[in-house]
Every structure is written in structure tokens, then in C-alpha cells.
């Protein structure tokens, strides 16, 4: 907090409400981007793969071109499904004003092999059948910068085929949450592993284990509130 700044009685529930709003906005965006894509893949007697990819590209490019936290977007296919090679991984990224295709190495024999199957955002979405959003992490297979990845499961004729996903700039995505949280002196937002995402306490920087901090200081949280869509928690400390 800045010296002399006025603090308010912001509750953990109020912080979680903003977390939910931000997450639902991204999930709705991903669902909207995938509607025509899925529709083309559901055509009978055979899916129209080329048209599906075209529709997805239009949707992703349109959303990446707009303002907001999106830095990358596309479709990631389920390895266990017999999908067209063209549907294994399709990704577009935004660099400045340019939007271009991002290529990934999908050959397991290569040193640069991108095994998205082990990624939390893919594995959790597949296992739960629910939308997922990660805490900030270093994207070692992309920009080597902090990112947040959101994913929504896709199904064709009731069968899971993969996810439509997006990478987000953490600073832009978290800005509405941070703006509210920093109006208090005693609130911290943590991920499902109890690691700090944001805090009004300057000691609790991003990535710090809140559990270890509490054990070391003997502090007991006053209240915790959990976001059902992200499993992030807003924690009020004395």
C-alpha cells in the first residue's frame, strides 16, 4: 500500500466475486470462439475439417485483435482421439499488432517436443470436463514469460476431442482483482496450492507459499473464501 492511502473493509467474498467475473468472461469468450468450429466438426457423414479450422482462425484472430489480456489462442486436440493431423494443435499469437500462427514441435523424438498432455490446463480440463484457468506460471514452451492459461473442454457427438484455450497477460487479466484487493491492507489471493497470486501485504510476493508464511509467523487467517470456478482463495489476515 502507498503511505497515506485510504483502506477499506473489503471482504474475501468481494474479491472472489471479481475473480469469478473475470474467469466467467474468459470462459464465455472461449465458448463463443469455438461454436462454429465444433458445428463444422459435427457435420455428417464426415466432419468438414478445413472449414472448421477456417472458422476457428476467424474467431481467434478477431478476439486477439481486440483489447484485453489475450496473447495467444487456439485448439489443442486430445491425443487419445483419432483426429486429423491438422487438428492436433492449432495456435495463434499476438505480437504487437501482428497476429500469426505459432508452430509447436509435436514429435516425441525431438528435444523440442511440446508435450501439452502433461500441462495442468489440459490435463485438468480433460479430467474434470470443466473449464480451467491456471495461476500465473512461466511459459517455458512459448514466451518464457509469466502467463495464465484458460481452457474450455470441447466435445463432438458427446466425445471429448480437446480444448479451446487462451494465454493471458497476467498483469492485464489480474488488474481488476488487484485494484479491489489493494484497497485493503490484509487480503491475499492464493491459488489451489496456497501460493500467492496477489497480496496487499508487500511481504507476500507472487509465488510465496502462504502456508509456510503462516507457519513461520504463527498468524491465523481470519477468513477464507474460495472461487468455485478457479479454486483460488481470498484470504483475510489479521
Check segment 48-55 and report whether any residue there is within 22 Å of residue 138 (Cβ to Cβ) and outside any helix (DSSP H, G or I). no
Restricting segment 11-46 to residues that are touching a residue at least 12 places away in the same chain (Cβ under 8 Å) and not in a helix (DSSP H, G or I), which is surrounded by the most Cβ atoms within 10 Å (Cβ to Cβ)? 11
Residue hits (segment 222-234; within 20 Å of residue 202 (Cβ to Cβ) and out of contact with any helix residue (DSSP H, G or I) (no Cβ under 7 Å at 6 or more places or on another chain)) are 222, 233
Scanning segment 155-178 residue by residue, those in contact (Cβ under 8 Å) with a residue 60 or more places away in the chain and at positive phi turn out to be 157, 162
Taking segment 98-133 on its own, how many of its residues are in a loop (DSSP other than H, G, I, E, B), touching a helix residue (DSSP H, G or I) at 6+ places or on another chain (Cβ under 9 Å) and modelled with pLDDT under 90? 2
Taking only segment 200-238 into account, find how many residues are touching a strand residue (DSSP E or B) at 6+ places or on another chain (Cβ under 9 Å), over 24 Å from residue 137 (Cβ atoms) and assigned to a loop (DSSP other than H, G, I, E, B). 3
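Quick one: would you say residue 167 is within 25 Å of residue 73 (Cα to Cα) and assigned by TED's automatic domain parsing to the domain that holds residue 33? Give the derivation first.
Working: within 25 Å of residue 73 (Cα to Cα): yes; assigned by TED's automatic domain parsing to the domain that holds residue 33: yes.
So residue 167 passes the test.
The values are calculated or read from the model by the stated rules, or taken from the named source; none is laboratory data. The shown structure was predicted, so the numbers you read here are calculated from the model rather than taken from an experiment. All Cβ positions, glycine included, derive from the backbone under ideal geometry; neighbour counts span all protein chains shown.
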